[in-house]
1. I need the full set of residues from segment 133-163 which are closer than 15 Å to Met121 by Cα and open to solvent by 60 Å² or more (accessible area, probe 1.4 Å), in order please.
2. Can we say Ser46 is polar (S, T, N, Q) and in contact (Cβ under 8 Å) with a residue 12 or more places away in the chain?
3. Which of the residues that make up segment 20-32 are over 21 Å from Pro86 (Cα atoms), open to solvent by 20 Å² or more (accessible area, probe 1.4 Å) and either not acidic (Asp, Glu) or not in a helix (DSSP H, G or I) (or both)?
4. On the phi < 0 side of the Ramachandran plot, within 28 Å of the chain's Cα centre (by Cα), modelled with pLDDT of 90 or more and open to solvent by 80 Å² or more (accessible area, probe 1.4 Å): does that describe Glu173?
5. With a cut-off of at least 1 residues that are under 18 Å from Arg129 (Cβ atoms), name the helices (runs of 4 or more DSSP H) lying wholly within segment 150-206.
6. Just the residues that are more than 35 Å from the chain's Cα centre (by Cα), within 11 Å of Leu159 (Cα to Cα) and hydrophobic (A, V, I, L, M, F, W, C), please, taken from segment 120-148.
7. Exactly one condition in (1) part of a helix (DSSP H, G or I); (2) more than 35 Å from the chain's Cα centre (by Cα) is false for Tyr35; which is it?
8. Only one residue in Arg39, Arg43, Arg52, Arg2 is closer than 16 Å to Val87 by Cα and open to solvent by 40 Å² or more (accessible area, probe 1.4 Å). Which one?
Amino acid sequence: MRQELQSLPKGLAEDVARNLVMVANLIDEDPEQAYAYSRVALRLASRVAAVREAAGFAAYATQKYSEALAEFRAARRMTGTVELWPVMADCERGLGRPERALAMAGEPEVQKLDKAGQVEMRLVAAGARRDMGQLDAAIVTLQSPELASHSVQPWTARLRYAYADALLAAAREDEAREWFAKTLEADKDGATDASDRLAEMDGVEFTDAMDDSDEADEHDHQDLDASADDAGKATAAGTESAAVDVADETVAADVTADDDQDDRLDADDENVAGTDEAPAKSAE
């Protein structure tokens with residue numbers, strides 16, 4: 001790629017290179033953003049094969065298969081190589097044309113591929129068979145020396161996984177479990193979900209610890225809310241009780257005051273009566 005970019009003016013080459021680096025860094029984690037960077041590079045240098053190839057892979061990652069196929073064809077015309085043949089065939093599958101993918105699997109270009117490319121082409125052909133409902137044929141397509149080999153190569157895990165998945169689709173569960181286990185042995189980087197598929201077949205269920213924590217927090221919040229409600233009710237009840245007590249004391253004080261007033265009135269009446277009686281005795 002560096003050699004191809006040397007054909008561009010220095011400043012332009014640097015701009016294109018920066019965009020291609022962003023495509024490579026983002027294509028797995030953020031395909032849409034990678035696609036956006038690829039379009040910038042394509043506008044800057046559409047006559048560079050590496051740019052067309054990068055644009056093709058970015059479009060492929062975002063399932064824009066028609067666009068991806070056009071870019072791959074352009075890159076192949078510029079370079080004359082057959083390395084992109086399997087991914088071009090897979091684009092045909094993505095466009096709903098599995099028959100074309102199978103036809104490409106039988107073309108002379110396949111014989112020019114290296115071992116990794118030939119295995120990739122086999123995977124695409126098996127996928128096309130499954131697209132067409134030919135499940136048994138897909139299983140046979142995947143049966144190869146590469147599948148039977150005990151050595152682990154970069155393609156081994158994906159090949160074994162595709163075979164196990166096809167067996168499971170054909171209801172050959174015992175064989176499928178065996179090959180998922182073999183996939184797991186070869187999948188050192190965790191490129192497949194073979195461990196999850198095995199667990200699913202064995203009826204193992206995983207619980208998300210974060211979900212349990214969230215549920216516990218929710219219960220804690222509910223308990224706190226309930227406690228707060230109880231405390232509020234108790235406070236209200238205490239306030240009401242205190243108010244009643246104050247009211248009772250006020251009433252009692254009023255009653256006492258009334259009694260005192262009645263006593264004073266009685267005393268005044270007695271004094272008045274005594275005053276009235278004294279002149280009467282004097283008159284006698």
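The values are calculated or read from the model by the stated rules, or taken from the named source; none is laboratory data. Source: prediction; values computed, not measured. Methodologically, a virtual Cβ is constructed for each residue, glycine included, from the backbone with ideal geometry; neighbour enumeration extends over all protein chains shown. To get the accessible areas, we keep the full protein, side chains included, count just its heavy atoms, and leave off ligands, DNA and RNA. Shrake-Rupley method; radii C 1.70, N 1.55, O 1.52, S 1.80 Å.
1. Val140, Gln143, Pro145, Pro154, Arg158
2. Numbers: polar (S, T, N, Q): yes; in contact (Cβ under 8 Å) with a residue 12 or more places away in the chain: no.
So Ser46 does not fit the description; no.
3. Selection gives Val21, Met22, Asn25, Leu26, Glu29, Asp30.
4. It is false that Glu173 is on the phi < 0 side of the Ramachandran plot, within 28 Å of the chain's Cα centre (by Cα), modelled with pLDDT of 90 or more and open to solvent by 80 Å² or more (accessible area, probe 1.4 Å).
5. By residue number, 156-169, 173-186.
6. Hit for segment 120-148 is Ala148, nothing else.
7. The one condition Tyr35 does not meet is (2).
8. None of the other options fit; the residue is Arg52.
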